[in-house]
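The values are calculated or read from the model by the stated rules, or taken from the named source; none is laboratory data. The model shown is predicted, which means the values in this text are computed figures rather than measured ones. Cβ placement follows ideal geometry from the backbone for every residue including glycine, while neighbour counts extend to all protein chains displayed.
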Amino acid sequence: MTTRVIIVRHGQSSYNSQQLIQGRCDESVLTEKGVADAKKLGAALSSLNFDAVYSSPLQRAKNTAEVILPYLPGSPPLKVAETLMEVDLPLWEKLHKLEVQEKFPEQYRCWKERPHEFYMSIPTTEGTRDHFPVLALYKQAQEFWQDLLSRHQEGTILIVAHNGINRCLLTSALGISPARYHAIQQSNCCINVLNFTGGWGDIVQLESLNQISHLGTALPTPRPGHQGLRLLLVRHGETEWNRVSRFQGGIDVPLNDNGRQQARQAAEFLKDVPIDFAITSPMLRPKETAEIILQHHPSIKLDFEEQFREINHGLWEGKFESEIKEIYPDLLDQWQKTPATVQMPEGENLQQVWDRATVAWNAISQSKMDSTAALKTGLIVTHDAINKVILCHVLGLSPESFWSIKQGNGGVSVIDYPEGVGNFPVLQTMNITTHLSGGILDKTAAGAL
């Protein structure tokens with residue numbers, strides 16, 4: 001029983017284009033570009049059948065939804081939800097971002113660095129009250145989810161809302177702390193895909209984040225003046241064992257023909273992205289994927305990181321899931337429900353994988369950061385489990401959230417360190433597979449690890 005939720009952000013608004021703070025101010029309207037991008041968004045969603053469409057009541061989101069609706073099969077009715085309102089920033093609304101930085105330097109620093117602690121003292125008839133915008137929005141998002149999931153089980157739902165509430169919808173669903181409010185990106189007219197396996201509190205899978213290729217841009221652009229580090233995290237192409245759901249783990253299975261095609265498609269997708277260095281797991285499947293991608297970047301030397309080898313499944317390796325179910329039924333069920341509690345027979349557990357992968361990731365981030373240079377971009381190609389662990393680490397999650405992250409063969413994710421490695425990274429986009437299928441859903445092989 002899965003409920004798929006597609007979350008999109010409204011098109012560019014007049015306040016977006018002027019860099020004015022919007023919040024809940026409803027004066028901002030879609031620009032010509034905002035309308036044009038909303039039409040592209042509608043076309044990208046046109047192959048999906050939606051059971052319901054929800055929108056914020058603010059006109060920039062509601063108008064985006066109205067542009068999208070004619071593209072959707074059956075033209076489902078639009079439902080307006082107050083709980084999809086944008087973050088409430090009453091003292092900053094209509095101000096330019098630079099003006100906010102100049103007038104409220106300490107508050108703005110808190111907003112950017114510690115959003116969960118940020119508050120505004122709002123004048124009232126009885127004095128003032130302390131308003132915590134991000135914490136209030138996070139609670140609002142939780143209320144929306146609980147109401148939505150009580151109304152919809154199974155089916156596909158579309159949500160059209162805003163930057164801030166989208167962030168809180170995503171982080172609250174996945175159990176990410178409000179402290180990481182700024183740690184995920186939401187571009188205008190982007191697409192996010194969440195899969196709820198049941199009701200509120202059950203496992204939620206983030207299938208993809210901040211897709212924008214339907215707008216004609218492969219990846220989100222770095223922030224202006226960004227002098228940090230950008231890491232392109234790619235999962236290897238398909239193997240024959242992925243295709244038939246056979247556990248490979250530490251067995252060195254090469255790409256199949258489809259996997260090589262996926263690598264070529266990823267290479268084409270990334271060919272215009274400047275790459276300064278490349279690192280891969282030494283195993284055949286990511287190594288070949290990386291080599292194919294680097295054919296468009298012939299000057300880049302490919303380095304190897306032993307700690308990025310795939311999880312060792314021990315006695316499960318070489319077996320089909322059906323075989324494992326016969327021999328280890330309870331352990332397989334445990335792996336599928338609470339993976340962090342499983343010790344693979346004669347293999348690894350997730351904590352061991354987590355420890356080696358995150359240490360290697362952090363070491364790479366530290367060593368490649370150069371504060372005196374312009375943005376440096378690295379390509380890192382590894383495996384399903386390794387990528388899941390790294391992305392959980394980036395989002396402040398734990399091994400218990402392993403199944404909350406989807407990684408398709410040939411999928412691309414982007415992690416930025418705009419403020420250095422001592423600060424939270426920003427997940428710019430995750431598990432982009434549009435270059436493989438042309439659609440917004442991940443259609444790669446379900447496959448075993």
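Annotation: of all residues in the stretch 292-324 being part of a helix (DSSP H, G or I) and touching a Phe, Trp or Tyr at 6+ places or on another chain (Cβ under 6 Å), the one that is farthest from GLY249 (Cα to Cα) is ILE324. Scanning the stretch 328-370 for residues that are in contact (Cβ under 8 Å) with a residue 12 or more places away in the chain, part of a helix (DSSP H, G or I) and closer than 11 Å to ILE311 by Cα yields LEU350, GLN351, VAL353, TRP354, ARG356, ALA357. The single condition from (1) in the same structural domain as ASN431 (by TED's automatic domain parsing); (2) touching a strand residue (DSSP E or B) at 6+ places or on another chain (Cβ under 9 Å) that ILE159 fails is (1).
Could you tell me whether the stretch 38-59 includes any residue that is closer than 17 Å to ILE165 by Cα and of a type in the set (Phe, Trp, Tyr)? Yes, some residue in the stretch 38-59 is closer than 17 Å to ILE165 by Cα and of a type in the set (Phe, Trp, Tyr). Of all residues in the stretch 244-257, those satisfying the criterion of being free of Cβ contacts under 8 Å to residues at least 60 places away in the same chain and either buried (at least 23 other Cβ atoms within 10 Å of the Cβ) or of a type outside the set (A, V, I, L, M, F, W, C) (or both) are ASP252, PRO254, LEU255, ASN256, ASP257. Out of the residues in the stretch 299-327 that are of a type in the set (A, V, I, L, M) and without any contact (Cβ under 8 Å) to a residue 60 or more places away in the chain, which is surrounded by the most Cβ atoms within 10 Å (Cβ to Cβ)? Ranking the candidates gives LEU302 first. Please verify whether the stretch 400-419 includes one or more residues that are farther than 22 Å from LEU170 by Cβ and crowded, with 22+ Cβ neighbours inside 10 Å. There is at least one residue in the stretch 400-419 that is farther than 22 Å from LEU170 by Cβ and crowded, with 22+ Cβ neighbours inside 10 Å.
LEU149 meets all of the listed conditions (1) free of Cβ contacts under 8 Å to residues at least 12 places away in the same chain; (2) surrounded by 14 or more Cβ atoms within 10 Å (Cβ to Cβ) but one, namely (1).
Matching residues to (1) in contact (Cβ under 8 Å) with a residue 24 or more places away in the chain; (2) acidic (Asp, Glu):
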| position | (1), (2) |
| --- | --- |
| ASP26 | yes, yes |
| ARG60 | yes, no |
| GLU86 | yes, yes |
| GLN101 | no, no |
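Taking the stretch 317-362 as the range and being more than 29 Å from the chain's Cα centre (by Cα) and of a type in the set (Phe, Trp, Tyr) as the test, the residues that pass are PHE320, TYR328. If the condition is being part of a loop (DSSP other than H, G, I, E, B) and buried (at least 23 other Cβ atoms within 10 Å of the Cβ), then the stretch 373-399 contributes HIS383, LEU395.
Can you list residue pairs whose Cβ atoms sit under 8 Å apart, with the first residue in the stretch 401-417 being assigned to a helix (DSSP H, G or I) and the second being β-branched (Val, Ile, Thr) and at pLDDT below 95? Count only pairs 6 or more apart in sequence or on different chains. As it stands, the answer is TRP403/ILE203; SER404/ILE203, since those pairs meet every condition given. Taken together, the residues in the stretch 190-216 that are under 26 Å from ASP37 (Cβ atoms) and more than 15 Å from the chain's Cα centre (by Cα) amount to 3. Taking each residue of the stretch 111-123 that is surrounded by fewer than 18 Cβ atoms within 10 Å (Cβ to Cβ) and looking for partners that are among the acidic types (Asp, Glu) with beta-carbon atoms closer than 9 Å, six or more apart or interchain, yields LYS112/GLU419; GLU113/GLU419; TYR119/ASP130; SER121/ASP130; ILE122/ASP130. If you take the residues in the stretch 205-218 that are buried (at least 23 other Cβ atoms within 10 Å of the Cβ) and among the hydrophobic types (A, V, I, L, M, F, W, C), which one is nearest to PRO425 (Cα to Cα)? Applying the filter and picking the extreme gives LEU209.
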